[in-house]
1. State yes or no: is Ala62 assigned to a helix (DSSP H, G or I), under 16 Å from Ala188 (Cα atoms) and without any contact (Cβ under 8 Å) to a residue 12 or more places away in the chain?
2. Please determine, by comparing only the residues of segment 162-196 that are among the β-branched types (Val, Ile, Thr) and free of Cβ contacts under 8 Å to residues at least 40 places away in the same chain, which one is nearest to Ala226 (Cα to Cα).
3. When segment 132-158 is examined, which residues are found to be touching a helix residue (DSSP H, G or I) at 6+ places or on another chain (Cβ under 9 Å) and at pLDDT 90 or above?
4. Six or more apart or on different chains, Cβ atoms under 8 Å: show the pairs whose first residue is in segment 112-127 and on the phi < 0 side of the Ramachandran plot and whose second is open to solvent by 30 Å² or more (accessible area, probe 1.4 Å) and small (Gly, Ala, Ser).
5. Condition test on His92, is it touching a residue at least 60 places away in the same chain (Cβ under 8 Å) and touching a helix residue (DSSP H, G or I) at 6+ places or on another chain (Cβ under 6 Å)?
6. Please go through segment 116-127 and give me each residue that is out of contact with any His (no Cβ under 9 Å at 6 or more places or on another chain) and buried (at least 17 other Cβ atoms within 10 Å of the Cβ), ordered by number.
7. Among the listed residues Gly130, Gly178, which satisfies the condition of being open to solvent by less than 30 Å² (accessible area, probe 1.4 Å), of a type outside the set (D, E, K, R) and in contact with a Cys (Cβ under 7 Å, 6 or more places away or on another chain)?
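The values are calculated or read from the model by the stated rules, or taken from the named source; none is laboratory data. Please read these numbers as outputs of a predicted model, since none were measured by experiment. No Cβ is skipped: glycine too gets one built from the backbone with ideal geometry, and neighbour counts run over all protein chains shown. Surface accessibility is based on the protein's heavy atoms, side chains included, excluding ligands, DNA and RNA. Shrake-Rupley method; radii C 1.70, N 1.55, O 1.52, S 1.80 Å.
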Amino acid sequence: MESAPATWEAAIVASATASASLAAIGPMRKQPPRFAGVDLPGHFLKHADEQTVIALEALRRAVEQAGLDPREQTDWAIVAAPRFIARVAGAHILTRYGDGGAPTVPPHALAQNSLHSVAGAASIALGLHGPNVGLGGGPGAISDGLTAALTLLDGAACPGLWLLFSQWEPEPIPDGQGRATNDPVCHAVALALRLGEKSSATLRLTTRLGLVPAEPIAEPRVSQLAACIERSASGCPAEWSLALDWGANIQLSLTPLAVERRLAA
């Protein structure tokens with residue numbers, strides 16, 4: 001028996017994307033993003049996972065493009081949903097451990113290459129004091145992130161929330177020594193969400209328990225979500241939706257400011 005639908009909706013007040021190949025990420029570590037009121041040391045990203053580096057770049061672009069001031073967001077939350085984080089570092093660490101045991105594992109390995117690493121780094125970079133959560137980690141990372149962000153924003157005492165996604169495409173292929181044999185591209189998306197604010201850009205989650213899709217749902221990719229945001233940035237309305245296998249639907253609607261003004265005229 002199907003239940004009545006329930007809906008959670010948030011306004012998207014900022015959005016941006018970033019991407020870089022594995023070879024291009026190395027130099028980016030030497031230039032951590034700069035945010036108002038936060039003075040990050042030059043080595044802040046030295047040991048960070050590649051997905052953290054690209055996610056923070058997307059975050060920086062979103063902040064700057066929307067003209068946001070992190071000093072006014074100190075109580076905001078962060079939800080980060082990376083997919084298969086630490087693929088490159090993990091292969092290298094396991095190789096070193098096999099050769100020399102525990103003393104060869106760097107002390108920063110867990111802090112910089114765990115599921116919570118992206119959210120933690122973003123929280124420090126922005127100088128936030130709200131909750132920061134890392135979740136997903138696998139094929140369902142986008143679904144997990146979108147669902148958690150909307151429900152956390154609805155139930156927690158935080159005025160806004162940053163939602164970050166990151167993913168390799170294709171996945172890194174390590175050799176026997178822990179190095180990647182290919183040069184994959186890492187994609188990231190950053191969204192700033194608020195409840196109770198009027199905006200033509202929205203993120204909506206509608207649930208109808210008991211509704212099961214007739215066909216298997218293909219795994220969404222961060223690059224698909226990024227394409228929707230980039231389409232909006234180019235001046236075109238953009239829509240992106242995702243059906244969940246437990247009976248919910250998530251819809252992302254982006255209307256560029258120029259289009260919004262034209263429709264209102």
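1. For Ala62, the condition - assigned to a helix (DSSP H, G or I), under 16 Å from Ala188 (Cα atoms) and without any contact (Cβ under 8 Å) to a residue 12 or more places away in the chain - is not met.
2. As a first pass, look at segment 162-196 and keep what is among the β-branched types (Val, Ile, Thr): 173, 181, 185, 189.
When the remaining residues are screened for being free of Cβ contacts under 8 Å to residues at least 40 places away in the same chain, the result is 173, 181.
Numbers: Ile173: 23, Thr181: 26 Å.
Among those residues, the one meeting the criterion is Ile173.
3. Asn132, Val133, Gly134, Leu135, Gly136, Gly137, Gly138, Ala141, Ile142
4. Hits for this filter: Leu115/Gly136; Ser117/Ala111; Gly120/Ala111.
5. no
6. His116, Ser117, Val118, Ala119, Gly120, Ala121, Ala122, Ala125, Leu126
7. Working: Gly178 fails: in contact with a Cys (Cβ under 7 Å, 6 or more places away or on another chain).
Sole residue among the options that is open to solvent by less than 30 Å² (accessible area, probe 1.4 Å), of a type outside the set (D, E, K, R) and in contact with a Cys (Cβ under 7 Å, 6 or more places away or on another chain): Gly130.
Every residue, every condition in (1) within 18 Å of Asn132 (Cα to Cα); (2) without any contact (Cβ under 8 Å) to a residue 60 or more places away in the chain; (3) surrounded by fewer than 18 Cβ atoms within 10 Å (Cβ to Cβ); (4) touching a Ser or Thr at 6+ places or on another chain (Cβ under 8 Å), yes or no:
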residue	(1), (2), (3), (4)
Arg34	no, yes, yes, no
Leu40	no, no, yes, no
Arg71	yes, yes, yes, no
Ile78	yes, no, no, yes
